[in-house]
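Heads up, the thing below is written out as structure tokens.
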Amino acid sequence: MIATGFSLPFQFRYSALGAMAGQPLAIRVRVAQPDPDGLVALTLRLFGQMALSGALGGGSVAPWDCTLALSVLPGRDPGESVFRAQPCRLADEAWVVLCHLLLRLHQRLPIRSVDVLAPGDASPRVLVTDAAESTFPGVYGRLPFALEDRKPEGGGYSFYLRLESPLAPDSELRLNQALEVWVRAVLLGAYAMAPGDPARCYVEPDGKGVVSYGHVIEWAVFKLQADPVAALAGLVNLLACFHARCQPLSMVEIG
């Protein structure tokens, strides 16, 4: 079961195990007014970028196996946006992240309903609302590097990464791009924590990118206002994906 701690102003239905099984899915978002700026599409684009960064892995889905390719399908009327997700392989809890992004969007563009369905699914599940806590993707259980989380408090976090070789320029570019996606996702409510207002989610990165020297990468963020466990899990999964796809890490320390 996946759930959100928020009381949703719209219904969110999904096909059980559809994401983890890698099935093709249709994502259908109905809104109450025209969307001339394509805000729904922009939100889905960010969700897709999160998937490709590895942040939406976890459980039995390795972050480096995460994939989500979205294509636009015709809707039945102007108030409906439809996307084909194929291929799609994510942790099932990723739909909670999508729900929270759309909940944040709802403040600008009223949403009526969201369906994330596999073909022929006649019995989709309804996302549980008003739960004691939201179920977000957790840290992947078989990380390829050592993780030391000192569990700092106060909203500031420093990340110390040890590489097996000096950071290559192309790897630095890809890592900074992935971290920018994570920051944008936090700011747009992906890891909002009920009962807080998703619009108040915030994080402030230190500088414009990572700092590297020798076999070390350093990065820091301040003033994190979101679910810290969920946001950091997404970041650790992102780093696991970087390890597999770009450049091996031997250790990650959060302090």
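The values are calculated or read from the model by the stated rules, or taken from the named source; none is laboratory data. Because the structure is a prediction, the values reported are computed rather than measured. Cβ sites come from the backbone with ideal geometry, for glycine too, and all protein chains shown count toward neighbours.
Observations on the structure shown:
- Residue check for Lys223: charged (D, E, K, R) and either part of a strand (DSSP E or B) or in contact (Cβ under 8 Å) with a residue 60 or more places away in the chain (or both): yes
- When every residue of the range 196-203 is checked against the conditions, at least one turns out to be of a type outside the set (D, E, K, R) and in a strand (DSSP E or B).
- Test result for Gly189, without any contact (Cβ under 8 Å) to a residue 24 or more places away in the chain and either part of a loop (DSSP other than H, G, I, E, B) or farther than 20 Å from Thr4 by Cβ (or both): no
- Candidates are the residues of the range 62-84 that are touching a helix residue (DSSP H, G or I) at 6+ places or on another chain (Cβ under 8 Å) and of a type in the set (Val, Ile, Thr); the one that is farthest from Ser113 (Cα to Cα) is Thr67.
- Ala85 vs. criteria farther than 27 Å from Cys201 by Cα and surrounded by fewer than 24 Cβ atoms within 10 Å (Cβ to Cβ): no
- Extreme residue, nearest to Arg28 (Cα to Cα), among residues of the range 54-90 that are of a type in the set (Asp, Glu) and at pLDDT 90 or above: Glu80
- Any hit, the range 50-66, residues being without any contact (Cβ under 8 Å) to a residue 24 or more places away in the chain, of a type outside the set (D, E, K, R) and touching a Ser or Thr at 6+ places or on another chain (Cβ under 9 Å): yes
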